[in-house]
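Structure record follows, encoded as structure tokens.
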Number of protein chains: 2
Amino acid sequence: MRSTMQDVPLSVGDLVRYGTSVHSRARITTWTGGEPRRATLGEVGARAARLAHALRGLGVAGDERVATFQWNNQEHLEAYLAVPAMGAVLHTLNIRLHADQVAYIADHAEDRVVIVDASLVPVFAPVLPRLRTVRHVIVAGGEPGGLAAEGVEVHSYEDLLAQRPDTFDWPEIDERDAAAMCYTSGTTGAPKGVAYSHRSMYLHSMQVCMTDGMAVAQGDTVLAVVPMFHAMSWGLPFAALMVGASLVLPDRFLQPGPLADMIQAERPTIAAAVPTIWHGLLEELEAAPRDVSSLHSVIVGGAACPPSLMERFEERYGVPMLHAWGMTETSPLGSFARPPAEAAGSERRAYRLSQGRLPASVRGRLIGPDGAPVPHDGASVGELEVRGPWVTGSYYGGEDPEKFHDGWLRTGDVGSLTPDGFLRLTDRAKDVIKTGGEWISSVELENSVMAHPDVAEAAVVAVADPKWDERPLVAVVLRDGAAAGAPELREFLAEKMARWQLPEFWTFVAEVPKTSVGKFDKKTLRSRHASGELEVVDTRE
Amino acid sequence: MRSTMQDVPLSVGDLVRYGTSVHSRARITTWTGGEPRRATLGEVGARAARLAHALRGLGVAGDERVATFQWNNQEHLEAYLAVPAMGAVLHTLNIRLHADQVAYIADHAEDRVVIVDASLVPVFAPVLPRLRTVRHVIVAGGEPGGLAAEGVEVHSYEDLLAQRPDTFDWPEIDERDAAAMCYTSGTTGAPKGVAYSHRSMYLHSMQVCMTDGMAVAQGDTVLAVVPMFHAMSWGLPFAALMVGASLVLPDRFLQPGPLADMIQAERPTIAAAVPTIWHGLLEELEAAPRDVSSLHSVIVGGAACPPSLMERFEERYGVPMLHAWGMTETSPLGSFARPPAEAAGSERRAYRLSQGRLPASVRGRLIGPDGAPVPHDGASVGELEVRGPWVTGSYYGGEDPEKFHDGWLRTGDVGSLTPDGFLRLTDRAKDVIKTGGEWISSVELENSVMAHPDVAEAAVVAVADPKWDERPLVAVVLRDGAAAGAPELREFLAEKMARWQLPEFWTFVAEVPKTSVGKFDKKTLRSRHASGELEVVDTRE
Ligand SMILES: Nc1ncnc2c1ncn2[C@@H]1O[C@H](COP(=O)(O)OP(=O)(O)OP(=O)(O)O)[C@@H](O)[C@H]1O
Ligand SMILES: Nc1ncnc2c1ncn2[C@@H]1O[C@H](COP(=O)(O)OP(=O)(O)OP(=O)(O)O)[C@@H](O)[C@H]1O
Ligand SMILES: [Mg+2]
Ligand SMILES: [Mg+2]
């Protein structure tokens, strides 16, 4: 029996129509270093309509891809609204990748138009001549000089928007059609493409606004540090649109100093970023205190949150950190670490440090090395597979089909699930250290080392070992002025770890290499080690 | 371009699978007058599986309708879970309707099985012999005596569940298929049927759990006073399942005394009911105080919340009331009166007393008497039409097609919309008093009369008038021991109203007649007046 319900597709166009009218007074603030640029969501909506007209004027039709090469700022948000709502596909390019990779991704997605931030023209210039499908480049936030390629027209964003109508008749769209594309970060290999649907983005936005999700609501001001080119800035722009939350966008001012200034000045209630950003902010606040008391939730994800980070933030600044796990492939919200209301003390702390609870819409299962399901007992470990309406079922272009298993996504993340649905990741499958038939979690080892007061950051990779197959190598960044050596750090670990887990190989580095989105770049660490660039201390000697 | 997202239907089965496992420790408490009956959601899930097996055993297949004739209690919840999840259609019958109406509705929906609460057997007995499609009656919570009809088997619920498996392999279902049916309250005419889909119930549950919705979350305990036979208890059971909130179910103990006891003993954080229930509770608390401090939100809807009710509740008990508007036709959450964060003082109060803001998924428009759209300026009044994924697009069986207009539902509610999306209903189209070419809102007049300290309740209907077409008749229930007369009440109104609006006709009654779900029953009031049953005071005399 069919229901009698109306057949109304879930669409970004409806979110745009609703958010920019009903919540037209929400504030969109872009940091500039000086006086911030301020607009209302109503104004952004009008400019998004102009942008849609401009894109139609350039011939963008059907599901053509319109790419962005932009910071988190007002113009990028305008593209977020206009492109999916007009029925085209928004493709957010990662501005931090190597030119070869950007060109590969833009070609792979068959981008037709690219909107480039003026400050990024020097970065984009070497990419442009290699692009085979792009016909128009639009430069936002400055003059369109310095870009040229055969068969490509270069435009000024503001010129294109001028004299266009302030409203656009957003078309009705099949909710399963693509609204946006994003490629993975390339932490483990070449980036792979995911195409989100109108349906998935709408449902994901609802989840972000659920009280047990990120609880984004009208009246919140969300500081979206996590890049809009990285997994849709964790869905925050669309969630804000859905409920009328205000946004603070840091543009290119992602250094700890400006971020601290931004928080003090703009008083966001929610802020979201990867651990390295919060780590930097913490150091900054210690050097030069700012008022961060407006924050009711600091969301941390994209990589495991070190316990020491969560504790320092909360103890010193009274700011609650919420740990989330997700992937580009999962839109990205996969789990969210709000502890059960009844948990207290150390149990509560453990829940908060876990990767969080999977919501009703994200089913999880664990598959052991033998391919058999692993029980959700909070102890047994396996590769996490997920299924749900905002989880991808393939990569764009059909790459890596082995990542999909009977309709489930194989995450490449390894860990356990508790009976009450909490995920505790021990590692990426590629980063686990397999030693003498046992596994060492690189993440747990990193967290233990980072708990030492002299250590600012620590990253662990496997190195080949003739006897044990693999052994851990710990790359340590010491705090300014600190002097702990490998024997002392090893001694420190000996209190909490079994002997066979204690690392013998250590290296002291000025900085842990980071990926394009600020995660520990273990690929690079491994290759530096392989090429002999790292000076390794062997504590057995 | 198709997205790469997985094609996972939104379904009640998934909610059941998730909620009863991940949130198996949530508490389901049924009031009994004595020691409450307690179960965990995990136990309810196991019993729902048994029920599904039992129903299959009785031959329930495909989309057959399984009706309930039950209070809000654990067994009713078991049916809520089992019936939609197994692919059948749950049909909640209104236990307070006249036997003729129940029989009409059950036949109309072609119910196959009815689950009846033992305490309601005397009410159901006269209905049963008239039912043409029912083949099985299952009596829950007591012995199955006292029911008989030709061709109908009568079973004991517990006997049927005994020895069935504790798990059921919930099938995958097309999300647009019907999951549940409900008929309107019959306030304005014969009840009309609505068939909710798996999709609509899932989306609606997400909305209920959004921070700007009812904000239901893990750790909440929800007292669902609003009947499970009335618009799915406002979606609270499924929302609770989605996030693992606990439920307190009042069974047949809906009188103010037991409700107050329940709140004190079970400490719910959220409670939901129509204004008359809260009105009764208030009187009860005044007579015999109880601790109601556990409540962080008291949700009121189904009829306009009188300002005096909201104020007394908040001032005397510090309990915040949240006003919501909805219809059986809208699943039912249509709008929710959380004021904009920036509103303060009297503006904030006005927002809270409005019917609330329409969320992104419920589009609204106003149509004037001439059929033309009315602006959303907070002043212009028209009939509200709504559109969205959990709004019905027809009545079951195709009745009243004139209630649908280009894919929108004509709500029969009259009011204004503000530019920021808040709905302010002035009346039902059928209740507006049309006098001398002007309109008087019966609801506003009622609220003004109820603001008088001597008045407990007031209901206004139109009476025919030779000169003005219609004039208001006010039916007043005085507080115990109060003695205000019509001239005094009219004098009281004169301070706030224009002369032509002041009612001349008054009647003093012991009680305002109520519908099956506790709304003012103006149909009955009108017919009592027409038959001369009411003693009318004419203040002109
Ligand atoms: N809270 C977290 N704790 C631990 N790891 C996390 C957390 N959040 C995200 N991750 C890691 O980030 C991954 C998803 O990141 P993203 O989609 O940005 O690409 P990537 O996996 O880093 O890159 P690629 O897939 O191209 O190698 C997850 O699979 C997981 O390994
Ligand atoms: N907060 C509210 N303020 C004013 N009226 C409300 C409110 N909430 C609900 N209503 C009224 O209740 C109606 C929906 O109620 P319901 O679906 O129970 O059936 P009914 O309209 O009372 O009965 P019928 O449609 O059979 O005549 C709305 O159309 C509206 O008139
Ligand atoms: Mg990955
Ligand atoms: Mg109605």
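The values are calculated or read from the model by the stated rules, or taken from the named source; none is laboratory data. It should be emphasised that the depicted structure is a prediction, and the values quoted were computed from it without experimental measurement. Cβ: placed from backbone, ideal geometry, glycine included. Neighbour counts: every protein chain shown.
Of the listed requirements (1) surrounded by 22 or more Cβ atoms within 10 Å (Cβ to Cβ); (2) more than 14 Å from chain B (Cβ to nearest Cβ); (3) touching a strand residue (DSSP E or B) at 6+ places or on another chain (Cβ under 7 Å), A:Glu314 misses just one: (1).
Can you pull out every residue in segment A:26-49 that is in contact with a Pro (Cβ under 8 Å, 6 or more places away or on another chain) and over 17 Å from A:Pro268 (Cβ atoms)?
First, the residues of segment A:26-49 that are in contact with a Pro (Cβ under 8 Å, 6 or more places away or on another chain): A:29-31, A:33, A:49.
Correct list: A:Gly33, A:Ala49.
Of all the listed residues (B:Gly244, B:Gly219, B:Gly302, B:Gly280), the sole one being more than 16 Å from the chain's Cα centre (by Cα), closer than 24 Å to B:Glu457 by Cα and small (Gly, Ala, Ser) is B:Gly280. For segment A:355-372, a residue qualifies if it is more than 14 Å from every other protein chain (Cβ to nearest Cβ) and surrounded by 12 or more Cβ atoms within 10 Å (Cβ to Cβ), and the qualifying residues are A:Gln355, A:Leu366, A:Ile367, A:Gly368, A:Pro369.
Where helices (runs of 4 or more DSSP H) sit wholly within segment B:190-268, those with at least 2 residues that are more than 17 Å from B:Leu41 (Cα to Cα) occupy B:198-209, B:256-266. Only residues that are touching a strand residue (DSSP E or B) at 6+ places or on another chain (Cβ under 7 Å) and at the interface with chain B (Cβ under 7 Å from one of its Cβ atoms) were counted in segment A:1-21, giving 7.
Can you tell me which of A:Gly42, A:Gly19, A:Gly13, A:Gly33 is modelled with pLDDT under 95 and in the same structural domain as A:Leu223 (by TED's automatic domain parsing)?
Numbers: A:Gly42 fails: modelled with pLDDT under 95; A:Gly19 fails: modelled with pLDDT under 95; A:Gly13 fails: modelled with pLDDT under 95.
That would be A:Gly33, the only listed residue that is modelled with pLDDT under 95 and in the same structural domain as A:Leu223 (by TED's automatic domain parsing).
Among residues of segment A:70-97 that are more than 23 Å from A:Phe168 (Cα to Cα), those with a Cβ under 6 angstrom from a residue that is modelled with pLDDT under 95, sequence gap 6+ or separate chain, pair up as A:Asn94/A:Ser516; A:Arg96/A:Ser516; A:Leu97/A:Ser516. Of all residues in segment A:112-135, those being within 24 Å of A:Ala178 (Cβ to Cβ), over 22 Å from the mean Cα position of the chain (by Cα) and crowded, with 20+ Cβ neighbours inside 10 Å number 5. Exactly one residue among A:Gly193, A:Gly186 is within 16 Å of ligand 1 (Cβ to nearest atom), in contact with a Cys (Cβ under 9 Å, 6 or more places away or on another chain), of a type in the set (Gly, Ala, Ser) and in the same structural domain as A:Met86 (by TED's automatic domain parsing), and that residue is A:Gly193.
What do you reckon, is A:Glu383 away from chain B (no Cβ under 14 Å), within 14 Å of ligand 3 (Cβ to nearest atom), farther than 18 Å from A:Ala303 by Cα and out of contact with any helix residue (DSSP H, G or I) (no Cβ under 7 Å at 6 or more places or on another chain)? Answer is no for this residue.
Tell me, yes or no, whether segment A:209-224 has at least one residue that is surrounded by fewer than 24 Cβ atoms within 10 Å (Cβ to Cβ) and within 16 Å of ligand 3 (Cβ to nearest atom). No, every residue in segment A:209-224 fails to be surrounded by fewer than 24 Cβ atoms within 10 Å (Cβ to Cβ) and within 16 Å of ligand 3 (Cβ to nearest atom).
Out of B:Ala162, B:Ala215, B:Ala179, one residue alone is modelled with pLDDT of 95 or more and within 17 Å of A:Arg2 (Cβ to Cβ). It is B:Ala179. Only a single item in (1) within 13 Å of another protein chain (Cβ to nearest Cβ); (2) under 16 Å from B:Thr426 (Cα atoms); (3) within 16 Å of ligand 4 (Cβ to nearest atom) is not met by B:Ser331, and it is number (2).
Out of segment A:499-541, which residues are at positive phi and within 16 Å of ligand 3 (Cβ to nearest atom)?
Answer for segment A:499-541, where residues must be at positive phi and within 16 Å of ligand 3 (Cβ to nearest atom): just A:Gly518.
Checking each residue in segment B:334-348 for being more than 16 Å from ligand 4 (Cβ to nearest atom) and touching a residue at least 24 places away in the same chain (Cβ under 8 Å) picks out B:Phe336, B:Ala337, B:Arg338, B:Pro340. Take the residues of segment B:163-183 that are surrounded by fewer than 24 Cβ atoms within 10 Å (Cβ to Cβ) and over 20 Å from B:Val44 (Cα atoms): which is farthest from ligand 2 (Cβ to nearest atom)? The selected residue is B:Glu172.
If you go through segment B:351-374 and keep only what is assigned to a loop (DSSP other than H, G, I, E, B) and either on the phi > 0 side of the Ramachandran plot or modelled with pLDDT of 95 or more (or both), you end up with B:Ser354, B:Gln355, B:Leu358, B:Pro359, B:Ala360, B:Ser361, B:Val362, B:Gly371. Taken over segment A:483-524, the criterion of being touching a strand residue (DSSP E or B) at 6+ places or on another chain (Cβ under 7 Å) and of a type in the set (Ser, Thr, Tyr) is satisfied by A:Thr507 alone.
I'd like the residue in segment B:26-56 that is within 14 Å of another protein chain (Cβ to nearest Cβ) and either without any contact (Cβ under 8 Å) to a residue 40 or more places away in the chain or not basic (Lys, Arg) (or both) and, out of all such residues, is surrounded by the fewest Cβ atoms within 10 Å (Cβ to Cβ). Even if it seems obvious, please write down each step before you answer.
Looking only at segment B:26-56, we keep the residues that are within 14 Å of another protein chain (Cβ to nearest Cβ), and these are B:26-27, B:40-42, B:45.
So of that shortlist, the ones also either without any contact (Cβ under 8 Å) to a residue 40 or more places away in the chain or not basic (Lys, Arg) (or both) come out as B:26, B:40-42, B:45.
Working: B:Ala26: 25, B:Thr40: 16, B:Leu41: 27, B:Gly42: 19, B:Gly45: 27.
So the residue we want is B:Thr40.
Of all positions in segment B:386-408, at least one carries a residue that is in contact with a Leu (Cβ under 9 Å, 6 or more places away or on another chain), within 14 Å of chain A (Cβ to nearest Cβ), within 16 Å of ligand 4 (Cβ to nearest atom) and in a strand (DSSP E or B). Within segment A:149-176, being among the acidic types (Asp, Glu) and either part of a loop (DSSP other than H, G, I, E, B) or outside the structural domain of A:Tyr196 (by TED's automatic domain parsing) (or both) holds for A:Glu150, A:Asp166, A:Asp169, A:Glu172, A:Asp174, A:Glu175.
Here A:Arg428 passes the criteria (1) in contact (Cβ under 8 Å) with a residue 40 or more places away in the chain; (2) within 14 Å of ligand 1 (Cβ to nearest atom); (3) within 14 Å of chain B (Cβ to nearest Cβ); (4) not hydrophobic (A, V, I, L, M, F, W, C) except the one numbered (3).
Hey, can you tell me all the residues within segment A:430-479 that are outside any loop (DSSP other than H, G, I, E, B) and of a type in the set (Lys, Arg)?
Hits for segment A:430-479 are A:Lys434, A:Arg471.
Do we have A:Gly219 as away from ligand 1 (no atom under 16 Å from the Cβ) and touching a residue at least 24 places away in the same chain (Cβ under 8 Å) here? So A:Gly219 passes the test. Can you confirm whether segment A:412-422 contains a residue that is of a type in the set (Phe, Trp, Tyr), farther than 30 Å from B:Gly42 by Cα and not in a loop (DSSP other than H, G, I, E, B)? Looking through segment A:412-422, none of the residues is of a type in the set (Phe, Trp, Tyr), farther than 30 Å from B:Gly42 by Cα and not in a loop (DSSP other than H, G, I, E, B). Take the conditions (1) more than 30 Å from B:Met214 (Cβ to Cβ); (2) assigned to a strand (DSSP E or B); A:Ala179 misses just one of them, which is (1).
The residue of segment B:283-309 that is farthest from ligand 2 (Cβ to nearest atom), among those that are surrounded by fewer than 18 Cβ atoms within 10 Å (Cβ to Cβ) and among the hydrophobic types (A, V, I, L, M, F, W, C), is B:Ala288.
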